[in-house]
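Data first, discussion second: the structure below is written as structure tokens.
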Amino acid sequence: MAKCDICGKGVVFGHNVSHSNRKTNRTWKPNIRRVKAVVNGTHKSVYVCSRCLRSAKIERV
């Protein structure tokens, strides 16, 4: 569910690397907020990342 409805930014996978160079799996999740926005002239609740909110890619209600 951690996916932006505007830009499509989602979860990224990688490794935690310790000082002894052991690698364990980890994930990076985007900063997703549920906001009410105007989509195609109607008020709708959408999931948007903070980058899209900051750059005003959507019009909030």
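The values are calculated or read from the model by the stated rules, or taken from the named source; none is laboratory data. If you're wondering where the values come from, they're calculated on a predicted model, not measured in any experiment. In this analysis, Cβ positions are derived from the backbone assuming ideal geometry, glycine residues included, and neighbour counts consider all displayed protein chains. Ligands, DNA and RNA are stripped out before the accessible areas are found, and what is left, the full protein with its side chains, is counted by its heavy atoms. Shrake-Rupley method; radii C 1.70, N 1.55, O 1.52, S 1.80 Å.
Quick check for you: with a 1.4 Å probe and neighbouring chains kept, what is the accessible area per residue of the chain, in Å²? Numbers along the way, then the final one.
Values: 5010 Å² over 61 residues.
Here the per-residue accessible area is 82 Å².
Once the other residues with Cβ under 11 Å from the Cβ of Val11 are scored (Lys, Arg +1; Asp, Glu -1), what is the net sum?
+4
Given the rule -39500 (n - 2.57) for each run of at least 4 DSSP H residues, summed and divided by the residues of the chain, what is its mean residue ellipticity at 222 nm, to the nearest 500 deg cm²/dmol? Intermediate values should be presented prior to the final figure.
Details: 1 runs with 5 residues, N = 61.
That comes out to -1500 deg cm²/dmol.
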Exercise. So, counting K/R as plus one and D/E as minus one, what does the shell of residues with Cβ under 12 Å around Glu59 add up to?
Worked result: +4
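If I take every Cα pair under 8 Å that is 6 or more residues apart in the chain, average their sequence separation and divide by the length, what percent do I get for the relative contact order? It would help to have the intermediate numbers written out before the result.
Working: 97 pairs, mean separation 19.0, N = 61.
Relative contact order comes out at 31 percent.
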Exercise. Most fluctuating residue of Val48, Val12, Val35 in a GNM of the chain with Cα springs under 10 Å: which is it?
Worked result: Val12
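At 1.4 Å probe size, with the rest of the protein present, what percent of the exposed accessible area of the chain is carbon and sulfur atoms?
Working: 2420 of 5010 Å².
After summing per-atom areas, the C and S share lands at 48 percent.
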Problem set entry | 12 Å beta-carbon shell around Pro30, net charge (K/R +1, D/E -1) | +4
Problem set entry | From phi via Karplus (6.51, -1.76, 1.60), per-residue ³J(HN,Hα) for the stretch 43-48 in Hz, x at Gly/Pro | 7, 9, 8, 10, 9, 10
Problem set entry | Answer label, with semi-axes √(5λ) of the Cα gyration tensor in Å calculated from the coordinates and candidates [x] 22, 11, 10; [y] 33, 10, 7; [z] 17, 11, 11 | [y]
